[in-house]
C-alpha cells in the first residue's frame, strides 16, 4: 500500500522544492511532480521535513509513570513532528545497565509511534563516583552518554569517560552545572533573584564546566555534546572551540530561546527549569548561536512533572517543563529560521549527533526511510492543555500564540499524526 | 457621580450656618443649665469642625468654663464593614473622662442614624456618660434606626438620591433630575 | 487592597494609608478595654509554616482586638506530609470559611502562590528572605512616632547585617525609600546580595565610617549558621567589625535612634544590652506591632465588597 504526500514543498539539504513524495512500505520510492498513490496525505500549503529528532527528552519510564510513559511521550513527540527521541537516563532505575536500556527500547517499539533511543549514564546511578559500563552499553547500541539531571563533577572521572568515548566512538553529552555553585538555586543569579531573596544559579556554574569539557575534548579528542546551553558566554566558548576544529556540538531548548528570568518574579514554579531561564542578553546570544551554526540543534529537554509537584513552593518544586508538542511553535515564534535551517536544527543535525542518520534526518530522497513530518509554517495556534498528548501538562506556553504547526507525521511509512490528531 | 442632569441648590448660606451654630450653642447652654459637666464630641469627619466652632461659641457665652472638645471616629463600630469599602478617619481623641458627664455628639448631617448608633457604641469604650445628646447642622430625614437629634440647625427633607454638602461656607443639596424618593 | 504581600505591591498610597490607620489603632490600644467590633464575624487564620511565637501572637492579638475569630495552624515542615502540596493545605482550610490568611513560610513566593487557591486576603508574615511587610510598617511607624514627623526625606537610615538573607531588610529598603529616607547598607561583601545596582541604597563595608551621619541605626540579626555556611570567617570577626558595642553607641549622634527587629543574637550583632542604649526604639517596635497589624487586618477586610 503506497502513500503519496501531496501538494507540499519538500525541504532538501540546500533548498525547497514543490514536489510530491511517494512512500511504499517504509521507504521513499519516488520524489517528483504529480505523483499518485493508494492513499493521499494532503500537504497543500505545507512544508515536508525529515522527521524531527529530539536529542533530549525525559520519558519518565521506568519510575515515574504517573507523570509520563514511553507511550504517551512518543505520542507527544509524534504530534510535535518527531520520529526519533533520545531518552534521558535519569529514570528509576537509571540507564546504567543493558537491561534497562533494552526495556526502554522495547517499550518504544511497543508504542510504535517513533524510534526511542535510550541514552546511557556516564556514571553508575548518575552518582558521579564510578563509571557506568560504557563499552557494554555501547555494544548494546547506545551512542549518547550523559548523567543529565546532573553534570559529572569530578574532572578525573570525566577525563576517563572521554578516553573511553574516543575509543568507542560514542559521544559524551554534558549537563554543565558545577553543583557546588548552585545549591538551593531557584533561578538565574541576577537582579531579580536578589530582589526576591532567593539563591541564584550563576552563569559561571555552567560556563566553568563547558570550558573544562572543551579542554578535555581537546586533550582526548573525544566527541562532546553540550546539553541545553543557556548563557551568552557558553555560546562564545563553543564558537571558539569549533573554530579551532574541536569535536564539540551543542543544543539549545525552545524555552531558553524565548523566556526570560523575569518570569520567575511571578513566583510560579512553572517557570523553574534547569538550567534556569536567563536574561535577554543571553537569549540574543543563543539565537545568534543557533543562526550561525555554533549551536547545532534544538532539543526540547521535555520534562514532565505531576501537577502537585509544580504546586509546591518555588524552592521545592522540581525544575522542568514539557516541550515535545510545542517545540517547533516556540522556536519559530522566537527565531526567524528558513525551512532549510529548521530542517537542520530540528532534524538533520541532531540525527548526525545521535548517530542515527541511517533512518533519520534524511535528505528526502529515493531510498530514504520514510520518517517525515508535514508542517504549516504560517499557522498560528494556541496551546490547549486538554489536547496535549503528554500525560503531564507543565508548560508555560498555555495561552501564548505560537507559529508553525505540525499537521501530519509519518514514522517509517506509517501515518502517526494526521490533521493534528494522533492516529494511535 | 451620576451622569443624569443634576441641579445644586444652596439651602443655607455661610452666614446662615454661622447663625445656626450660634443658636445651637445657646440651646446647649440653656438645656444643660450651663456647661459645667458638658463634653462636646465631634464625629469624624464631618462633625469635628462644627464641634470646634460650637466650643468657641459656647466659651464666649460662658466665659468661665472651657468646654472640653473631643473627636470620635465611629468607623470601627459601623455595621456595614465588609458590605462596602470603608475609610477610617483619624485617631479618636477624647480629652477627659466622660463617665458621669453629658456628652453632646455633633455631626454635620443626620440621615439614616447608623453613624450615630456606631458613635454611641464607640463612646461606651471611653466611659459611661450620664447622658448623651445629639446636635446636627442638617437633618435630612430617612431614618432607619430610632435616633433623634436634640439640636438641629435646619430640617431639610431630601430624596435618597440627593447629595448634601456641608461646610462653613454653606449647605448645598445636589439633586438628580427626575428621580423620585 | 486585597492582599498585603510586599511593600512594593502596597505602594506609597497604601503605605501612607496603613500608617495613618495605625494611629487610630494605637489610640484604641491605650483604652482600658482595647477592643472594637470592626471585624466581628470575620475569620483570620494564622498559617505559620515557620515557627514564630512572637509574630503569630501579635497577629492573633490584633485580630482579637478587632473582634475577629482566629484560628491557628502551626505547620512544621516535618509534620506536613511530603506529598501534601500547598494547594491541598489551603483548600482544606478555606472550606472552613476564611476571610484572611496570615502566612509565614521559609519559601519565597508562597503568599503569591496560595492566592490562586483561595478568595481570602493574604497577609505575608514573612516568606523566606523576600519580604516581611508588617515589620517594615512597624519600623516606619516607630520612626515617625519617635521623631515626631511624617516626612522622612533626608533621614539617614543605616541597615547593618546579613542583608542577603534578610526579608526585613528588603521590606524596609522599599518602605523607607518610599518615605524619602537615604538608605545605607553595611555588611561584609559576602552578606550583601549581588546585582543590587538598581536598589535605592548606598553600600559600605565599614560600619564605623557611617555612624556619625546615621539618624536611624537598624541592626539585623546574624544567624550562627552563616559561619557554618562559610559566609563569614568567624562570628568573632563579624562582631568586631559589625556588632553594636558601647563604643559604637557613643559614636552615634545624640539624636540618633537604634532599632532591631528581634530576636537578638547577643554577643554577635548586639554586644551591649539594649536597655543600656539611650534612644533605643526596640521596645516601641514590639509595642507598635499589634497596632500596625490591626491596621493591616482592618484595611484588608473592611475594603471588601461582599461577593
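Every number in this text was worked out from the coordinates using simple rules, so none of it is lab data. All values reported here derive from a predicted model rather than from experimental measurement. So basically every Cβ, Gly included, is an ideal-geometry build from the backbone, and we count neighbours across all protein chains shown.
Shape descriptor for the protein assembly as shown: Rg over Rh equals 1.12 (Cα atoms; Rh from the Kirkwood inverse mean 1/r). Cα-based values for segment A:237-289, radius of gyration first and Dmax second, are 13.5, 43 Å. GNM on chain B, alpha-carbon springs under 10 angstrom: the most fluctuating residue among B:31, B:114, B:143 is B:31. Most mobile of C:184, C:89, C:61 per a Gaussian network model of chain C (Cα springs, under 10 Å)? Per the Cα network of chain C with a 10 Å cutoff, C:89 tops the list.
Largest mean-square fluctuation among A:359, A:90, A:371, in a Gaussian network model of chain A whose springs join Cα atoms under 10 Å apart, belongs to A:359. Taking a spot 7 Å from the Cα of residue A:25 along the direction of its beta carbon, which residues of segment A:112-127 have an amide N less than 17 Å from it? The answer is none. Grab the beta carbon distance between residue C:94 and residue A:65, set R0 = 41 Å, and tell me the FRET efficiency rounded to 0.05. About 0.80, to the nearest 0.05. Enter the Cα centre distance for the pair segment A:130-196 and segment B:87-107, rounded to the nearest angstrom. About 74 Å separates the Cα centre of segment A:130-196 from the one of segment B:87-107. P(r) for chain C, please, calculated from all Cα pair distances in 20 Å bins and given in %. Binned Cα distances yield the sequence 33, 57, 10.
Enter the Cα centre distance for the pair segment B:2-22 and segment A:8-45, rounded to the nearest angstrom. Between the Cα centre of segment B:2-22 and that of segment A:8-45, the gap is 87 Å. Modelled spin labels at residue A:157 and residue B:59, positioned 7 Å past Cα toward Cβ, are 8.6 nm from each other.
Let's test the formula: R0 of 51 Å, r as the Cβ-Cβ distance of residue C:266 and residue A:240. What FRET efficiency results, to the nearest 0.05? Intermediate results must be reported in sequence, preceding the final value.
Details: r = 55 Å, r/R0 = 1.07.
With a Förster radius of 51 Å, E is 0.40.
Per-residue shielding of C:164-172, expressed as the average number of other chain Cβ atoms within 10 Å of the residue Cβ, stands at 1. Averaged over the residues of peptide C:16-23, the number of Cβ atoms from other protein chains lying within 10 Å of each residue's Cβ is 2. Helix A:70-79 and the long axis of chain A differ in direction by around 60°, with both axes built from C-alpha atoms. When only alpha carbons are used to place a centre, segment A:357-393 and segment C:1-67 end up 57 Å from one another. So what is Rg over Rh here for segment C:133-285, counting just Cα atoms and using Kirkwood for Rh? Rg divided by Rh gives 0.93.
Projected onto planes of every orientation and averaged, the convex hull of the alpha-carbon atoms in segment A:177-250 covers 4.9 nm². List the residues of segment A:168-199 whose backbone N lies under 17 Å from a point placed 7 Å from the Cα of residue A:130 along the Cα-to-Cβ direction. No residues fall inside that zone. Helix A:280-291 and the longest principal axis of the C-alpha atoms of chain A enclose an angle of approximately 40°. Relative to the dominant Cα principal axis of chain C, helix C:53-65 is inclined by about 50°.
Under 1.5 on a/c is rounded, so check that first for segment C:116-208, then, if it is not, pick prolate when a/b is larger than b/c and oblate when it is not; a ≥ b ≥ c are the square roots of the alpha carbon gyration tensor eigenvalues. Can you show the working numbers first?
On the way: a/c = 2.20, a/b = 1.18, b/c = 1.87.
Oblate shape, in that a/c is at least 1.5 and b/c is the bigger or equal ratio.
Summing -39500 (n - 2.57) over the DSSP H runs of n ≥ 4 in the protein assembly as shown and dividing by its residue number, what mean residue ellipticity at 222 nm do you reach, to the nearest 500 deg cm²/dmol? Display every interim value, and only then the final one.
Working: 26 runs with 278 residues, N = 912.
Counting only the DSSP helices, I get -9000 deg cm²/dmol.
Counts of other chain beta carbons within 10 angstrom of each beta carbon in peptide C:130-141 average 1. Among DSSP beta bridges whose residues both lie in segment A:1-136, state the antiparallel percentage, nearest 5. The answer is about 45 percent antiparallel.
Set the Förster radius R0 to 35 Å, insert the Cβ-Cβ distance between residue C:247 and residue C:31 as r into 1/(1 + (r/R0)^6), and round the FRET efficiency to 0.05. All intermediate terms of the calculation are to be shown ahead of the outcome.
Working: r = 43 Å, r/R0 = 1.22.
Approximately 0.25, to the nearest 0.05.
Percent of Cα pairs in segment B:1-123 per distance bin of 10 Å, from zero to the largest separation: 12, 38, 32, 14, 4, 0.
Subtracting the Cα-Cα distance of residue A:366 and residue A:380 from 0.36 nm times their residue separation leaves 1.8 nm of extension gain.
Solvent-free Debye calculation, one equal scatterer per alpha-carbon of segment C:205-307: log10 I(q)/I(0) at 0.10 Å⁻¹ equals -0.39.
Projected label points at residue A:33 and residue B:23, each 7 Å from Cα along the beta carbon direction, are separated by 10.5 nanometres.
Could you tell me the ratio Rg/Rh of segment A:271-310? Both radii from Cα atoms, Rh via Kirkwood. Please report the intermediate quantities before stating the final value.
Numbers: Rg = 13.2 Å, Rh = 12.2 Å.
Taking Rg over the Kirkwood Rh, I get 1.09.
Across chain A, how large is the tail of the calculated P(r) beyond 30 Å, expressed as a percent of all Cα pairs? Kindly include the intermediate steps, with their values, before the conclusion.
Working: 33826 of 89676 pairs.
Value for chain A: 38 percent of Cα pairs lie more than 30 Å apart.
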